[in-house]
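Written out below as structure tokens is the structure these notes cover.
The values are calculated or read from the model by the stated rules, or taken from the named source; none is laboratory data. Please read these numbers as outputs of a predicted model, since none were measured by experiment. Note that each Cβ is placed from the backbone with ideal geometry, even for glycine, and that neighbours are counted across all protein chains shown.
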Amino acid sequence: MAKIVIAGKSECPYYARAELLGDKLARNLPNFQLHKIVQQPDDWENWLKNTCNERGWQHMKSPIVWRELVDRGGKGVLIGGANEFQEYAFGYYGIQSDQVSNDMNLISKENRQYKIDIVKEEAEFKARSSPIHVCITCATSPVCYAIINSIGQGDVFGKHTEIALHLLDTNDKLEELEGLKMEAEDLAHGLLREVSVTSNTKDAFKNCSAIVLLDDLIQNPEEDKSAWIKRNSSHFSAYAKVINDAALKNVKVLLTGNGPVNMNTYMMIQNAPNVPRQNFVGLSRRIENNAKAVVAERLKVNTSGVVDLIVWGNVNGEHYVDLTRSRVHGYDGAIWGPPSFSLPAPEMVWDKPWMEKDYIELVKTRHEKMTENLKHTPSMSAGGAITSMLEHWWMGSPAGQMFSLAVCSEGWYNIPDGMVFSFPVTMVSKGYWNVVQDIDLSEEMKTAISATLQDIQSEKDVLFPPPTPPPTESKVTIIDPKDEEEQQEKSEKTESSEGEKQDDSEGSTNVKSKRREN
């Protein structure tokens with residue numbers, strides 16, 4: 001079965017003739033299928049050029065008519081313009097167009113007005129919708145696949161917030177992005193108003209209210225850490241400059257992945273002066289959730305029942321997992337209480353050697369163990385950490401609970417101002433985070449936090465080497481050879497005169513002694 005497609009400018013009288021002829025064929029032939037495409041005069045040339053380039057045709061006028069095989073698919077067969085379509089209709093079906101020029105002109109005017117009304121109606125409908133623009137970079141990552149559904153159904157930005165989703169990746173991933181776009185649209189979420197794909201960062205970040213950076217620059221085997229940090233810095237600094245110019249000034253940016261998240265966040269802050277520095281944050285929650293899961297396994301409770309566990313320091317580098325203030329809900333012990341009742345986690349574990357050694361090792365190796373078992377990098381847990389973090393940042397976190405987040409320091413806990421460091425935070429106020437500042441640190445904790453700070457500083461020194469101290473000054477006296485000879489003669493004369501004086505003094509001493517003997 002074939003389908004005839006007629007496309008043209010809304011004001012074109014020849015399109016009107018072809019359209020009416022197509023309608024006549026559709027009314028009189030039982031298996032004739034017709035599809036019409038009407039474009040405004042300003043849009044026609046670009047649309048025609050793109051269509052012909054895509055299908056390999058040569059056509060310059062309005063209308064354009066082609067034939068498609070409905071059952072078999074394919075790019076279609078070009079018929080031509082209005083005259084060629086009339087010949088086609090007469091040759092195949094013996095039907096001619098009997099429209100005169102005046103009728104064609106009237107119909108073309110009606111077509112144009114109808115198209116103007118349709119465009120106006122669509123614009124009014126879109127004006128009633130004001131979606132927020134959300135961008136996800138490295139969108140072909142499995143992590144992105146894990147978070148799109150949560151965003152679309154309103155779990156992240158609210159049940160009444162419409163989303164225009166921008167998916168960004170490299171040119172060679174555009175075809176895969178198109179497939180991801182189709183699948184996102186097939187979710188049929190009412191809040192997902194638009195899905196666009198691009199490889200252009202400016203288009204991706206334009207008017208965005210939230211940006212999730214999933215980029216993970218893997219360290220090559222032959223690449224040392226310094227080169228890897230510099231490569232990350234260059235990559236994320238370029239992102240920051242585009243965000244600074246294209247995104248909204250209150251955009252919220254979340255950095256994730258397995259790279260130097262703290263340093264990448266720091267570099268983005270430095271290169272986006274128009275965006276408040278508190279709007280750039282690094283994800284600590286994946287490690288926080290890993291640590292909670294280890295405690296939950298030990299105490300045989302649900303992972304969500306472990307709260308107030310803190311990750312201090314460098315997210316993917318040297319960090320300190322703090323259990324001292326953590327609490328456990330739902331523990332099956334001697335003391336019971338309502339769902340809000342909790343017990344101190346360290347007291348429930350009651351195994352200090354395990355907490356000081358085995359626990360730390362289990363947290364460090366948990367991600368590697370999951371990767372080994374799955375045969376690929378975990379994406380579901382990473383996606384869950386991202387969506388829960390965004391939800392708390394956007395909608396507010398549960399009252400009375402602390403979470404971990406890598407943010408720009410303002411001198412809290414003696415961390416230098418401007419240093420990106422993972423702190424305990426609350427996000428009770430929607431859209432804002434606040435560092436918990438009343439935690440008493442033991443000497444052991446201070447030592448551990450100091451070690452994490454040194455690790456971050458070592459990464460910063462790669463990009464901003466400390467100044468080299470000047471060499472120690474030493475005075476050098478240059479003596480003329482003549483002056484040196486004169487000086488030597490003077491010293492010799494002085495030595496000889498001193499010798500004579502010594503002899504005279506010895507002689508006088510001998511005389512005095514002889515006189516005493518007499």
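Cβ-Cβ under 7 Å, sequence separation 6+ or interchain: first residue in region 431-456 and surrounded by fewer than 17 Cβ atoms within 10 Å (Cβ to Cβ), partner part of a helix (DSSP H, G or I) and among the hydroxyl-bearing types (Ser, Thr, Tyr). Which pairs?
Cβ pairs passing all conditions: Leu441/Tyr413.
Residues in region 383-395: is at least one assigned by TED's automatic domain parsing to the domain that holds Ser442 and either among the acidic types (Asp, Glu) or over 30 Å from Val212 (Cα atoms) (or both)?
Looking only at region 383-395, we keep the residues that are assigned by TED's automatic domain parsing to the domain that holds Ser442, and these are 383-395.
Remaining after also requiring either among the acidic types (Asp, Glu) or over 30 Å from Val212 (Cα atoms) (or both): 391.
Yes, that holds for at least one residue.
I'd like to check something: does region 256-267 contain any residue that is in contact with a Cys (Cβ under 9 Å, 6 or more places away or on another chain), closer than 17 Å to Cys408 by Cβ and modelled with pLDDT of 95 or more?
Yes, because at least one residue in region 256-267 is in contact with a Cys (Cβ under 9 Å, 6 or more places away or on another chain), closer than 17 Å to Cys408 by Cβ and modelled with pLDDT of 95 or more.
Out of curiosity, is Glu54 touching a strand residue (DSSP E or B) at 6+ places or on another chain (Cβ under 9 Å), acidic (Asp, Glu) and assigned by TED's automatic domain parsing to the domain that holds Glu11? Quick ask: steps written out before the conclusion?
Working: touching a strand residue (DSSP E or B) at 6+ places or on another chain (Cβ under 9 Å): no; acidic (Asp, Glu): yes; assigned by TED's automatic domain parsing to the domain that holds Glu11: yes.
Answer is no for this residue.
One line per residue, one yes/no per condition, for (1) among the small types (Gly, Ala, Ser); (2) free of Cβ contacts under 8 Å to residues at least 60 places away in the same chain; (3) not in a loop (DSSP other than H, G, I, E, B):
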site	(1), (2), (3)
His376	no, no, no
Thr387	no, no, yes
Leu390	no, no, yes
Trp394	no, no, yes
Gln401	no, no, no
Ser404	yes, no, yes
Val407	no, no, yes
Pro416	no, yes, no
Ser429	yes, yes, no
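The rows are residues; the columns are (1) touching a residue at least 40 places away in the same chain (Cβ under 8 Å); (2) assigned to a helix (DSSP H, G or I); (3) at positive phi; (4) exposed (fewer than 13 other Cβ atoms within 10 Å of the Cβ).
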residue	(1), (2), (3), (4)
Ala123	no, yes, no, yes
Ala164	no, no, no, no
Leu167	no, no, no, no
Gly179	no, yes, no, yes
Ala210	yes, no, no, no
Pro221	no, no, no, yes
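Kindly provide the set of residues from region 386-424 that are more than 23 Å from Asn316 (Cβ to Cβ) and under 18 Å from the mean Cα position of the chain (by Cα), ordered by number.
Trp394 - this is the single residue of region 386-424 that is more than 23 Å from Asn316 (Cβ to Cβ) and under 18 Å from the mean Cα position of the chain (by Cα).
Can we say Val363 is at pLDDT below 90, closer than 26 Å to Leu255 by Cβ, in contact with a helix residue (DSSP H, G or I) (Cβ under 9 Å, 6 or more places away or on another chain) and of a type outside the set (Gly, Ala, Ser)?
For Val363, the condition - at pLDDT below 90, closer than 26 Å to Leu255 by Cβ, in contact with a helix residue (DSSP H, G or I) (Cβ under 9 Å, 6 or more places away or on another chain) and of a type outside the set (Gly, Ala, Ser) - is met.
Residues that are outside the structural domain of Ser458 (by TED's automatic domain parsing), within 25 Å of the chain's Cα centre (by Cα) and buried (at least 17 other Cβ atoms within 10 Å of the Cβ): which helices (runs of 4 or more DSSP H) entirely in region 245-363 hold 2 or more of them?
It comes to 261-271.
Kindly list the number of the only condition in (1) at pLDDT 95 or above; (2) in contact with a strand residue (DSSP E or B) (Cβ under 7 Å, 6 or more places away or on another chain) that fails for Gly305.
Only one criterion is unmet by Gly305, namely (1).
In this structure, does Phe236 turn out to be surrounded by 14 or more Cβ atoms within 10 Å (Cβ to Cβ), under 16 Å from His133 (Cβ atoms) and touching a residue at least 24 places away in the same chain (Cβ under 8 Å)?
no
For residues that are modelled with pLDDT of 70 or more and in a helix (DSSP H, G or I), tally how many sit in region 445-485.
19
Scan region 368-380 and give yes if some residue there is in contact with a Phe, Trp or Tyr (Cβ under 8 Å, 6 or more places away or on another chain) and surrounded by 13 or more Cβ atoms within 10 Å (Cβ to Cβ), otherwise no.
Yes, region 368-380 contains a residue that is in contact with a Phe, Trp or Tyr (Cβ under 8 Å, 6 or more places away or on another chain) and surrounded by 13 or more Cβ atoms within 10 Å (Cβ to Cβ).
Yes/no per residue for (1) at pLDDT 90 or above; (2) within 43 Å of the chain's Cα centre (by Cα):
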| position | (1), (2) |
| --- | --- |
| Pro13 | no, no |
| Glu19 | no, no |
| Gly22 | no, no |
| Pro41 | no, yes |
| Lys49 | yes, yes |
| Arg55 | no, yes |
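Within region 181-202, can you find the residues that are in a helix (DSSP H, G or I), among the charged types (D, E, K, R) and over 16 Å from Val253 (Cα atoms)? Break it down stepwise before answering.
The initial filter retains those residues of region 181-202 that are in a helix (DSSP H, G or I), namely 181-186, 201-202.
Then keep just the ones that are among the charged types (D, E, K, R); that gives 181, 183, 185-186, 202.
Listed by number, the residues that qualify are Lys181, Glu183, Glu185, Asp186.
Would you say Arg55 is of a type in the set (Lys, Arg), without any contact (Cβ under 8 Å) to a residue 40 or more places away in the chain and on the phi < 0 side of the Ramachandran plot?
Yes; evaluated as a whole, the condition is true for this residue.
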